Amino acid sequence: MPPSPSDDDEFEDLRAEDVNAIWELFKDYGRGQRSAFVLGAVASVVAVSMELVPAYLLGTAIDTLFTQSRPFTIPGIPTGSLPTEPEMQIALLVGILFASHVLGAVLGWVNDWAWNHFSQHFQHNVRVDSYDAMQRRSLTFFDNRQTGEVMSILNNDVNQLEGFLTNNLNTAIQIVVRCGGMGAVMLAINWRLGIIPTLVIPLLAYASYWFVKAIHPKYQEVRSSVGQLNSRLENNLGGIEVVKSYAKESFETDRVDEASQEYLDANWDAITTRIKFWPALRLITAVGYTATFLIGGWWVMFGSPHPFFQGSLTAGTLVIFLSYSRRFMWPMRQFGQIINDYQYAQAAGERIVGLLGSEPGVSEAEDPFDPDDGFAGEVEYEDVSFAYETADGEGEQVLRDVSFDVEPGEMVGLVGPTGAGKTTLMKMLMRMYDVDEGEVRLDGHDVQDISLRALRDSIGYVSQEPYLFYGTVRENIAYGIESVDDDGIEEAAKVAGAHEFITDLEDGYDTMVGERGVKLSGGQRQRISIARAVLKDPDILILDEATSHVDNETEAVIQNSLGDLIEDRTAFAIAHRLSTVRHADQILVLDEGELVEQGTHDDLLAEDGLYATLWHVQVGEVDALPDEFLERANRSLQPGQLD
């Protein structure tokens, strides 16, 4: 059996199962396309109505022209206006028949155009808003979810909705009009015989009700397994270099096989339920058709088969009934497919509605502070504590009661063992995460009261794992800057020590960097990332191991260039190479989420604490290391440590 969505679906907590997801989306996103929807629906109704004309005209021709069992009449046309000559009568019938086909074809085109216009714009708006809602979530949201699962919502789930709206919703309207129209015509002509084919509708409704209850949880499992498979594929392709370097192709193939098997099991479970439904619909409609043929045929040939069926029945009328009854079968089969696709779309819609309706995690204040001239750069942390939310719902404490003050223009170094919480501490300032306890202030304002855009526009961040977008070197340096000239881009590259290697590239600044900058070395990617922050010219600069991927010579160039940049703004430098922060105005030493030491380089060496021990390591005085530090270093290598 496939795993339940509650076990594997990383978005299970977002499912909106208490509402009709498709209806909620239709209300929110259908309004803007109301005219196209109405036009398509009206065209669909009239076009389908034209499909009822040929069978009725055939029955009329049989009774009035071929067997002459009743006078020549056509509903809607006064008897006095009808021709009396057989030649003109058949010509009129042929003309009406041809006109109905032409009108049906024209309206069919109008229906297709309007309906596709509606569904495509609906899909576009849902996808854009889903992406916007996704990217506004805090980093905690992404920490516990795989990229493939996220992409599954933005692509697979949205596409499933589009498919339902384009094909199934339009078809549902056509089925209602077609079956309702045929039923109305039959009841109007001979309501006693008309009851026979229409009796199948309650049976069809019961079969559909059973199917909906059985198939919906199965399609939830299918959506979950699709996300798991996408995550596995995305994860493996993103790490293909590691897979190859460890010769783990067979191992990863087995893992993809396992994920694909889970999808296969879930999908096959849904298929085996679905394939029972359609034959049941066909059998029910066949019973109605057979009963109509038996009773109607007997009535025409031998007279009334039962006192209930009073009066006479003509051959032409029987032809109309048989034609309409036969055509009940295909719409009902389509109806089964619609219910099937509706349940599939409903499972997809639940995740979308849940995402759109969920709280972003890091939210904007109702009346946020937005400075006119940027920030001076005064930063205060007061009793800040934070724990990562883990997948099992338990918290993993990362920061505990951290407090410090930074004056505008100060250079602050953050050091400590791996997993001490240095990077997380800086992400509190940018509100990538919100504090659990305490307060972070910028220029005296709680960062949660500051406009998110203003806050993040004022901070330049260089990650220890630089990310480059697919595009040119120029585009990556200028990312996030609305207007900048080439001279500004090149100047920023020079400050970051990147200009020389960029000009050596085949196309210079117009060189494509590849997916995630794969065509460049780690050091080159990092220098472009630094150039991006330099070009932003922020009020506050955060360098998170900004020179960790460069050689000593390049590091010296970058450190020298960054000197002027850092001089006029508040700057934070997270470093394992203590030489990069030895001249900082103050150094914060973190250990296991706590601020254990604070001061200048010389002050901390004099204290002979953790900072002094780390310094001894880097200058090669390993023999002087205390046993306590070696034990701490071993703990930092254990899994689960987050920086």
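The values are calculated or read from the model by the stated rules, or taken from the named source; none is laboratory data. Being a predicted model, the structure only gives us computed values, none of them experimental. Neighbour counts run over all protein chains shown; Cβ positions are idealised from the backbone, glycine included. The protein model used for the area step is the full one, side chains on, heavy atoms only, and it has no ligands, DNA or RNA in it. Shrake-Rupley method; radii C 1.70, N 1.55, O 1.52, S 1.80 Å.
Identify all residues within region 556-575 that are crowded, with 17+ Cβ neighbours inside 10 Å, out of contact with any helix residue (DSSP H, G or I) (no Cβ under 7 Å at 6 or more places or on another chain) and either modelled with pLDDT of 70 or more or part of a strand (DSSP E or B) (or both); write none if there are none.
Those that are crowded, with 17+ Cβ neighbours inside 10 Å, out of contact with any helix residue (DSSP H, G or I) (no Cβ under 7 Å at 6 or more places or on another chain) and either modelled with pLDDT of 70 or more or part of a strand (DSSP E or B) (or both): I566, R569, T570, A571, A575.
Could you please tell me which pairs satisfy a Cβ distance under 6 Å, a separation of 6+ or placement on different chains, a first residue in region 160-188 that is farther than 19 Å from R223 by Cβ, and a second residue that is of a type in the set (A, V, I, L, M) and open to solvent by 30 Å² or more (accessible area, probe 1.4 Å)?
Taking only residues 6 or more apart or on different chains, the pairs are V177/V45.
So A36 ticks every box in (1) of a type outside the set (V, I, T); (2) farther than 23 Å from L165 by Cβ; (3) open to solvent by less than 30 Å² (accessible area, probe 1.4 Å); (4) within 59 Å of the chain's Cα centre (by Cα) but one. Which box is left unticked?
With respect to (1) of a type outside the set (V, I, T); (2) farther than 23 Å from L165 by Cβ; (3) open to solvent by less than 30 Å² (accessible area, probe 1.4 Å); (4) within 59 Å of the chain's Cα centre (by Cα), A36 is out only on (2).
Which residues, counting only those in region 286-310, are surrounded by fewer than 13 Cβ atoms within 10 Å (Cβ to Cβ) and in a helix (DSSP H, G or I)?
Within region 286-310, T290, L294, M301, F302 meet the criteria.
Can you tell me which residue in region 463-485 is most open to solvent (accessible area, probe 1.4 Å), limited to those that are farther than 13 Å from A531 by Cβ and of a type in the set (D, E, K, R)?
E482
Kindly indicate which of L322, L264, L313, L283 is assigned to a helix (DSSP H, G or I), farther than 21 Å from I215 by Cβ and either out of contact with any strand residue (DSSP E or B) (no Cβ under 7 Å at 6 or more places or on another chain) or at pLDDT below 85 (or both). Steps first, answer last, please.
Working: L264 fails: farther than 21 Å from I215 by Cβ; L313 fails: assigned to a helix (DSSP H, G or I); L283 fails: farther than 21 Å from I215 by Cβ.
The unique qualifying residue is L322.
Which one of these is in a helix (DSSP H, G or I), out of contact with any His (no Cβ under 8 Å at 6 or more places or on another chain), farther than 20 Å from V42 by Cα and open to solvent by 40 Å² or more (accessible area, probe 1.4 Å): N167, N159? Before the answer, list the steps.
Details: N167 fails: farther than 20 Å from V42 by Cα.
Being in a helix (DSSP H, G or I), out of contact with any His (no Cβ under 8 Å at 6 or more places or on another chain), farther than 20 Å from V42 by Cα and open to solvent by 40 Å² or more (accessible area, probe 1.4 Å) holds for just one of N167, N159, which is N159.
So, in region 538-548, of the ones that are modelled with pLDDT of 85 or more and charged (D, E, K, R), which residue ends up least open to solvent (accessible area, probe 1.4 Å)? Reasoning before the result, please.
Of the residues in region 538-548, the ones modelled with pLDDT of 85 or more are 538-544.
Next cut, charged (D, E, K, R) only: 539, 544.
Details: D539: 47, D544: 1 Å².
Among them, the one singled out is D544.
Of all helices (runs of 4 or more DSSP H) completely enclosed by region 446-541, which ones contain at least 1 residues that are under 29 Å from P408 (Cβ atoms)? First the steps, then the outcome.
Details: elements: 452-457, 473-477, 486-495, 499-504, 522-536.
In region 446-541, the matching helices (runs of 4 or more DSSP H) lie at 452-457, 473-477, 486-495, 522-536.
Here is a list: P75, P83. Which entry is open to solvent by 80 Å² or more (accessible area, probe 1.4 Å), without any contact (Cβ under 8 Å) to a residue 60 or more places away in the chain, farther than 30 Å from N235 by Cβ and not in a helix (DSSP H, G or I)?
Among P75, P83, only P75 is open to solvent by 80 Å² or more (accessible area, probe 1.4 Å), without any contact (Cβ under 8 Å) to a residue 60 or more places away in the chain, farther than 30 Å from N235 by Cβ and not in a helix (DSSP H, G or I).
Would you confirm whether or not region 488-505 contains a residue that is farther than 25 Å from F572 by Cβ, surrounded by fewer than 17 Cβ atoms within 10 Å (Cβ to Cβ) and touching a helix residue (DSSP H, G or I) at 6+ places or on another chain (Cβ under 6 Å)?
Scanning region 488-505 turns up no residue that is farther than 25 Å from F572 by Cβ, surrounded by fewer than 17 Cβ atoms within 10 Å (Cβ to Cβ) and touching a helix residue (DSSP H, G or I) at 6+ places or on another chain (Cβ under 6 Å).
Can you tell me which residue is nearest to L25 (Cα to Cα) among those in region 333-366 that are open to solvent by 20 Å² or more (accessible area, probe 1.4 Å) and in a loop (DSSP other than H, G, I, E, B)? So that I can check it myself, show each step before the final result.
In the first step, residues of region 333-366 are kept if they are open to solvent by 20 Å² or more (accessible area, probe 1.4 Å); the result is 333-335, 337, 341-342, 344, 353, 356-361, 363-366.
Restricting the remaining residues to those that are in a loop (DSSP other than H, G, I, E, B) gives 358-360, 363-366.
On the way: S358: 14, E359: 17, P360: 19, S363: 23, E364: 24, A365: 27, E366: 26 Å.
Of everything passing the filter in region 333-366, S358 is nearest to L25 (Cα to Cα).
Scan region 418-444 and report the pairs whose first residue is under 11 Å from V379 (Cβ atoms) and of a type outside the set (S, T, N, Q) and whose second residue is open to solvent by 10 Å² or more (accessible area, probe 1.4 Å) and part of a loop (DSSP other than H, G, I, E, B), with Cβ atoms within less than 6 Å and a gap of 6+ or a chain change.
M428/V435; L442/F375; D443/F375; D443/A376; D443/E378
Could you tell me which of the residues L65, L92 is out of contact with any Cys (no Cβ under 9 Å at 6 or more places or on another chain), within 30 Å of V176 (Cα to Cα) and in a helix (DSSP H, G or I)? Walk me through how you get there before you give the answer.
Details: L65 fails: within 30 Å of V176 (Cα to Cα).
It is L92.
Looking at region 578-620, which of its residues are more than 23 Å from D568 (Cβ to Cβ), open to solvent by less than 50 Å² (accessible area, probe 1.4 Å), among the β-branched types (V, I, T) and modelled with pLDDT under 90?
Within region 578-620, T613 is the sole residue that qualifies.
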